[in-house]
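The values are calculated or read from the model by the stated rules, or taken from the named source; none is laboratory data. On a predicted model such as this, the values are computed, not experimentally measured, just so you know. Methodologically, a virtual Cβ is constructed for each residue, glycine included, from the backbone with ideal geometry; neighbour enumeration extends over all protein chains shown.
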Amino acid sequence: MKRKEKRLLQLAGLFVAALLFLPDVGLWSLYREQLTEKSLDAGGGTGDISQNQRRRNGMQKIDWHDYEAIQKDALRTGNGEQGKPFPLTDADSVDQAYRENGFNIYVSDKIALNRSLPDIRHPNCKQKLYAEWLPNTSVIIPFHNEGWSSLLRTVHSVLNRSPPQLIAEIILVDDFSDRDHLKAPLENYMTHVPKVRILRTKKREGLIRTRLLGAANAIGEVITFLDSHCEANVNWLPPLLDRIAQDKKTIVCPMIDVIDNDNFGYETQAGDAMRGAFDWEMYYKRIPIPAELAKEDASEPFESPVMAGGLFAVNRKWFWELGGYDTGLEIWGGEQYEISFKVWMCGGRMEDVPCSRVGHIYRKYVPYKLPGGVSLAKNLKRVAEVWMDEYAEFIYQRRPEYRHLSVGDTSAQRELRSRLQCKNFRWFMTEVAWDLPKHYPPVEPSAAAWGELRNVGTGLCLDSKNLASGSPIYLETCLKGRSEAVWLQGQVFTFGWREDIRVGDPLHTKKVCFDAISHYSPVTLYDCHGMKGNQLWRYKKDRTIYHPVSNSCIDCSVEEKRVFMNRCNPSSPSQQWQFEHINSSVLNSFNLNQH
């Protein structure tokens, strides 16, 4: 009897201990959940979120927002605060302001290093919870001769808008800069900034190898790459780390917002959430999310075939399992395709995360010289040779000069592809980038018209002068047969299958298109977007070039050599245009399909 009583007492003791201390049952679990709820309620804005939302896959979920910091930012005023454009004066806009950095460093220096930004996330992002236990990250920021204020603003934005326990370190990797402020002054400044260390290359290595140096020295479970002229926005980090916590083979990219290179205003990219892609000259493109992939909640992560390149997070061990970056790629260029193809084809995936937003300054131009002998073309061909299989031929058809380029020894990359049992590129095009050919077909459909574009009334030709986006189209003397090189550069146009008019011949069109906005507005060149709208044109049998959006036609002034939109008058010779070559069947199909 006593033995039974003793056994019962032992069992009762074990039960009480379990009730108190086992992590997922009883009083301890209740106490922990109450603590979590209190911390959530203290943070504000989460009291209406159900318990079911707080658990997923057995992981406790919490609100990672720093509401105190958000409230302080909301009260800030001054130059560039809330991401507002800085009011420029003539003195702020001189060429010298851009010369060393490719953006207006004078304006950057007048804006606080810890300035506030607008929270432009989807509203649903403000209610999202993420795993309580997230991997920490090493943030790697490579730089070469970066401006003082733009570099420090990048660092401060990461520290100020990231939960401190998620930042293992920030590694600044100096690629052999020669500016004085990036030597002792930077070292001295960073001694007072937590978690920052500086690595330096012994010679100019370029972006790719500089990133690899940072990654090789990283200690975080995740490595996050940023450019040296970025600003991390509110709660940017947990949404990225949460996806990697769920699947270590997922590479994640934040939404990249635009910081104006002149006035430092902060805004979304045109179109905002879009899939990364490429055309068959290997220019990076963005394409709409197809209906088949659209989610009911637009704030949810979505698959992207190709990353933009500079800003992403990846599990550190998975990055090295994939071989890191191909060390045969020189300086910069092509690396975003290599890592994108590799992760998809070798068992991983890539996503863009709308609730993570980082602003980026797109330079007006590259302000420094690259080492001699470096060729972007070599990098692109190397990626094509290793990863794109028979699809590389579509690139060579458009870039015949690539065929004879030497790309060095690729045996190590091919062996890696074999060892990882990576799928072929046809699988990538069929399963991942299946919507890309709709926008950028490997075999270009026949153009409707191309060649020089001559005005019937004046005998003069349209001329693009230069290829800068935003520049006007002019009327000039026709150059074919007189100055062939200049003619090919600026007086050849293609009216192609997208029903836009591009500079260049059908196989070598440039990235700029005819664009107009209204009656009497000039015809200008803008970056081609392939979305019709202001770039949709009709070439009619009466030889007028009609613009449906403005309900007007291209006209010209011989005296001023201006090209502009005007009310359509088919009988006016100044509105009649003759393409050098016309494919009547294609042109007729365009006109039949008008809508």
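Key figures
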| quantity | calculated |
| --- | --- |
| Matching residues in the range 261-309 - criterion: being among the acidic types (Asp, Glu) and closer than 22 Å to Asn235 by Cα | Glu267, Asp272, Asp297, Glu300, Glu303 |
| Verdict on Gly265 being out of contact with any Pro (no Cβ under 8 Å at 6 or more places or on another chain) and assigned by TED's automatic domain parsing to the domain that holds Cys230 | no |
| Selection within the range 187-232 - in a loop (DSSP other than H, G, I, E, B) and under 14 Å from Phe143 (Cβ atoms) | Thr201, Arg204, Glu205, Gly206, Leu226, Asp227, Ser228, His229 |
| Any hit, the range 181-192, residues being more than 30 Å from Thr250 (Cβ to Cβ) and among the hydroxyl-bearing types (Ser, Thr, Tyr) | yes |
| Residue within the range 441-449 that is part of a strand (DSSP E or B) and either assigned by TED's automatic domain parsing to the domain that holds Val586 or among the small types (Gly, Ala, Ser) (or both) present | yes |
| Flag if Lys378 is assigned to a helix (DSSP H, G or I), touching a Leu at 6+ places or on another chain (Cβ under 9 Å) and either modelled with pLDDT of 95 or more or closer than 27 Å to Asn261 by Cα (or both) | no |
| Every pair of residues 6+ apart whose Cβ atoms lie under 8 Å, when the first sits in the range 519-531 and is touching a residue at least 40 places away in the same chain (Cβ under 8 Å) and at negative phi while the second is crowded, with 20+ Cβ neighbours inside 10 Å and among the polar types (S, T, N, Q) | His519/Ser552; Leu525/Ser464; Tyr526/Asn534; Tyr526/Gln535; His529/Gln535 |
| Identity of the residue in the range 277-328, polar (S, T, N, Q) and crowded, with 21+ Cβ neighbours inside 10 Å, that ends up farthest from Pro135 (Cα to Cα) | Ser304 |
| The range 98-143 - residue that is acidic (Asp, Glu) and closer than 17 Å to Asn261 by Cβ and, of those, nearest to the chain's Cα centre (by Cα) | Glu100 |
| Search result, residues across the range 536-577 that are within 25 Å of Trp497 (Cβ to Cβ) and among the charged types (D, E, K, R) | Arg538, Lys540, Lys541, Asp542, Arg543 |
| When residues of the range 555-568 are limited to those that are free of Cβ contacts under 8 Å to residues at least 40 places away in the same chain and surrounded by 15 or more Cβ atoms within 10 Å (Cβ to Cβ), the one farthest from Glu476 (Cα to Cα) | Cys568 |
| Index of the failed condition, Met429 passing every other in (1) surrounded by 16 or more Cβ atoms within 10 Å (Cβ to Cβ); (2) at pLDDT 95 or above; (3) out of contact with any Pro (no Cβ under 8 Å at 6 or more places or on another chain); (4) not acidic (Asp, Glu) | (3) |
| Any chance Phe341 is crowded, with 21+ Cβ neighbours inside 10 Å and on the phi > 0 side of the Ramachandran plot | no |
